[in-house]
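Take a look at the structure below.
The values are calculated or read from the model by the stated rules, or taken from the named source; none is laboratory data. Keep in mind the model is a prediction, meaning the values are calculated, not measured. As a convention, Cβ positions derive from the backbone with ideal geometry for all residues, glycine included, and neighbour counts pool all protein chains shown. Note: accessible area is taken over every heavy atom of the protein model, side chains too, but ligands, DNA and RNA are not part of it. Shrake-Rupley method; radii C 1.70, N 1.55, O 1.52, S 1.80 Å.
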Amino acid sequence: MLFLWVYMIYCCVGYCSTMPSLMVSTASSKHSQHLEKVDPNKTLTRLQNEGDLESEHQEDPLDSLDPLFGASSRDLLNNENDLDSRGGEDWDEIRSEQRTLDNNVVSSLFNESGPVESKKLPQAIIIGVKKGGTRALLEFLRVHPDIRAVGAEPHFFDRNYDKGLEWYRDRMPETQEGQITMEKTPSYYVTKDVPARIHNMSPDTRLIVVVRDPVTRAISDYTQTRSKKPDIPSFESLAFKNRTTGLIDTSWSAVQIGMYAKHLERWLQYFPKDQLLFISGERLISDPAGEMTRVQDFLGLRRVVGHKHFHFNPAKGFPCLKRPEGNSKPHCLGKTKGRTHPSIDSEVVQRLREFYQPFNRRFYQMTGHDFGWGSWS
C-alpha cells in the first residue's frame, strides 16, 4: 500500500511539471457574442501583401467649408509624455484580485484541453477624445470578463504605423475564444490618416468615442499641460489669436480637438454611423452604469458591469470601482485625474461657447444625439 501511494504521488508530480504554462491562464466565463463579421487577424497577411491602400494625401472635404478647418495643429506638449498613456497603474490591485480568483479554478490545472489563449488584433477601439473620460471607460470595461484590453496607449495608427500589424498585435493581451480585444488611444479621433488605416485592418471594427463639453474639455486639457509645464502662458492668451477682436486660435490643439463635427466627417467616410458609439463624458460620471449598459449592448456583451460596481467619490468628483461581492475599499483613478481647473475669465468661456455652437449643432445632427452643451439663444 505504501508503495502504491508513493507511485501515485510520483505520477502527479511528473504530470504537473510537464503541463503547458498556458493551462494556468485565467478561466473565462461564458463566451460573449462575436461582434466582428470579418476576423481582422485574417486580414494581416492580405494587408502585408497589398500594402497600405489608403491615400496619404486625401483632401479633407471639410477644409473647403470653413477657413478654420484648414488650420494646422499647434500643441505645447509632446503627447508621448501623456500620463494617460502609461496605462491604469492605479487599477492594478483590483485586476490582480480578479486574476487571483480566476486562477483558483483548480479544475483548469488538470484539464489538458483547457482554454487556449492567443493575441489578436482588436475588434473594438476607444478612439477618443483626449480628456473626455477614455481612461475611466477603459477601466470600467476591463471589469467585464469577456473583455481584454491593453492598459498603455499603443498609438499604432498615428505614431507607430510603420512598425506593422505584427508589432501592433504583439502589444495586445492574450485572449480566449469569445473574448473581445480592445485598446484606447484618444488621439486617433483627430488624426487625419487613422480612419483609413483602421478600415484597412478591419472594416468591421467597432469604434467608441467619449465626448465632453468642448469648453470644459479644453480647460481640462490645458490644466493637464500646465501640471507638467507650469510656466506656459495663460489659457486666455493661448485661446485667442486676438483677445480684443475675440478671434479664436483654432491652431491650438486644445481648441481644435473640441471641433468634433470636423473630425467625425472623416470617420463617416469609412465607417457607417452604427459602427460608432458616442458616450457622454458627463453621464459617464453622473450615471456610469447607464453608459456602461449602452457600451455592453453595442459590443454584444452580457450586461455584467452595472450599479453594483460603482461608488461615487465626492472628493474626486467621479465614480470609483468596487467589488460588488466584497467590502473592500473602492478603487479610484489616480491623482492625475480630477485635477482642479484654474479660474478662467467668464467672458473667455462665453466666447468659446459661442465659437463651438455651430460645431456642436452639426455634431448633434450627425450623431442623432443632443449632448446639451451650452445654451443657444
**Message:** Given the criteria under 18 Å from S187 (Cα atoms) and charged (D, E, K, R), does D221 qualify?
**Reply:** yes
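Yes/no matrix, rows are residues, columns are (1) among the small types (G, A, S); (2) touching a Pro at 6+ places or on another chain (Cβ under 7 Å); (3) under 17 Å from R135 (Cβ atoms):
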| position | (1), (2), (3) |
| --- | --- |
| V150 | no, yes, yes |
| E153 | no, no, yes |
| E183 | no, yes, yes |
| P186 | no, no, yes |
| T191 | no, no, no |
| V209 | no, no, yes |
| T216 | no, no, yes |
| I232 | no, no, no |
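Let's see how each residue does on (1) touching a strand residue (DSSP E or B) at 6+ places or on another chain (Cβ under 6 Å); (2) closer than 27 Å to I285 by Cα:
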{"residue": "K131", "(1), (2)": "no, yes"}
{"residue": "H144", "(1), (2)": "no, yes"}
{"residue": "H155", "(1), (2)": "no, yes"}
{"residue": "D158", "(1), (2)": "no, no"}
{"residue": "Y161", "(1), (2)": "no, no"}
{"residue": "W167", "(1), (2)": "no, no"}
{"residue": "T175", "(1), (2)": "yes, no"}
{"residue": "I180", "(1), (2)": "yes, yes"}
**Prompt:** Pairs, please: C-beta under 7 Å, at least 6 apart or cross-chain, first residue in contact (Cβ under 8 Å) with a residue 12 or more places away in the chain and in the range 255-269, second hydroxyl-bearing (S, T, Y) and assigned to a loop (DSSP other than H, G, I, E, B)?
**Reply:** Q256/S73; Q256/T250
**Item:** Filter result (of a type outside the set (A, V, I, L, M, F, W, C) and either in contact (Cβ under 8 Å) with a residue 24 or more places away in the chain or part of a loop (DSSP other than H, G, I, E, B) (or both)) within the range 234-254
**Value:** S234, E236, R243, T244, T245, G246, D249, T250, S251, S253
**Prompt:** Would you say R171 is open to solvent by 40 Å² or more (accessible area, probe 1.4 Å) and free of Cβ contacts under 8 Å to residues at least 24 places away in the same chain?
**Reply:** yes
**Prompt:** Cβ-Cβ below 8 Å, separation at least six or inter-chain, first residue in the range 348-368 and free of Cβ contacts under 8 Å to residues at least 40 places away in the same chain and of a type in the set (F, W, Y), second outside any helix (DSSP H, G or I) and open to solvent by 30 Å² or more (accessible area, probe 1.4 Å): which pairs?
**Reply:** Y364/D370
**Item:** Which numbered condition R169 misses (of (1) under 18 Å from the mean Cα position of the chain (by Cα); (2) modelled with pLDDT under 95; (3) outside any loop (DSSP other than H, G, I, E, B))
**Value:** (2)
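Select from the range 136-150 the residues that are in contact (Cβ under 8 Å) with a residue 60 or more places away in the chain and open to solvent by 10 Å² or more (accessible area, probe 1.4 Å) and write down the one among them that is farthest from the chain's Cα centre (by Cα).
P145
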